[in-house]
Amino acid sequence: MNSPRIETLAEGVTLYLGDCREILPTLGKVDAVVTDPPYGIGISQNPVRQRHEKLDWDSAPPSASLIESIVGRAENSILWGGNYFGLPATQRFLIWDKLQPENFSLAMCEQAWTNLTGPAKMFRLSVRKFIGIEIEPKYFDIACRRISEALKQPDMFIEKPKPVKQESLFAP
């Protein structure tokens with residue numbers, strides 16, 4: 001395993017550049033896993049996406065054993081695109097309404113499989129403490145930038161994490 005690049009953007013806000021199959025086992029048990037793995041449906045071949053990227057990141061879905069190991073990392077698990085995987089029946093699906101116009105060319109909402117109990121809910125949870133893992137360097141840098149900007153914005157309902165002192169956001 002190559003040593004992953006790690007960015008700590010604030011107290012409790014850490015991003016890893018690397019493969020989750022290698023990083024997750026090093027983290028121990030976590031409170032929750034929220035993941036959006038490739039579905040294996042060839043969405044990167046969509047003409048709208050082709051204007052922006054030429055990657056083939058979703059040509060095949062992750063193995064059932066990988067999905068099981070990811071879901072098993074935490075007491076609470078949320079798996080976006082869960083309808084594409086052979087997961088057990090769930091009592092609570094989460095729905096993310098993207099609030100897009102009717103002529104939006106991609107999905108207007110997403111479903112998430114969970115191991116949570118209770119009725120289905122719309123996903124409107126704003127949580128800042130998390131560990132993110134991204135394998136693609138370009139998207140890792142984008143995530144670091146976006147999260148840094150989001151952390152600068154006030155939130156009336158969540159206490160802002162304490163800043164972490166570091167030389168440079170993108171230092172190796």
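The values are calculated or read from the model by the stated rules, or taken from the named source; none is laboratory data. Bear in mind the structure is a predicted one, so any value in this text is a computation, not a measurement. With ideal geometry, Cβ positions are generated from the backbone for all residues, glycine too; neighbour counts draw on all protein chains shown. For the accessible areas, the whole protein counts, side chains as well, though only heavy atoms, and no ligand, DNA or RNA atoms are used. Shrake-Rupley method; radii C 1.70, N 1.55, O 1.52, S 1.80 Å.
Could you run through the range 106-122 and say how many residues are hydrophobic (A, V, I, L, M, F, W, C), within 17 Å of Val33 (Cα to Cα) and more than 18 Å from the chain's Cα centre (by Cα)?
Final tally of qualifying residues: 0.
Within the range 141-166, take every residue that is farther than 30 Å from Arg92 by Cα and surrounded by 14 or more Cβ atoms within 10 Å (Cβ to Cβ) and give me the one that is modelled with the lowest pLDDT.
Result: Ser148.
Within the range 85-104, take every residue that is charged (D, E, K, R) and in contact with a strand residue (DSSP E or B) (Cβ under 7 Å, 6 or more places away or on another chain) and give me the one that is farthest from Gly118 (Cα to Cα).
Lys98
If Thr26 passes every condition in (1) modelled with pLDDT of 85 or more; (2) surrounded by 12 or more Cβ atoms within 10 Å (Cβ to Cβ); (3) part of a helix (DSSP H, G or I) but one, which one does it miss?
For Thr26, the exception is condition (2).
Consider Phe123 against the criteria (1) open to solvent by 60 Å² or more (accessible area, probe 1.4 Å); (2) modelled with pLDDT of 75 or more: it satisfies all of them except one. Which criterion is unmet?
(2)
Out of (1) open to solvent by 60 Å² or more (accessible area, probe 1.4 Å); (2) modelled with pLDDT of 80 or more; (3) not in a strand (DSSP E or B), what's the single condition that is false for Arg49?
Result: Arg49 fails condition (2) only.
Under 7 Å by Cβ, and 6 or more places apart or on different chains, what pairs join a residue from the range 1-18 that is closer than 16 Å to Ile142 by Cβ and assigned to a strand (DSSP E or B) with one that is at pLDDT 85 or above and aromatic (Phe, Trp, Tyr)?
Taking only residues 6 or more apart or on different chains, the pairs are Leu15/Phe140; Leu17/Phe140.
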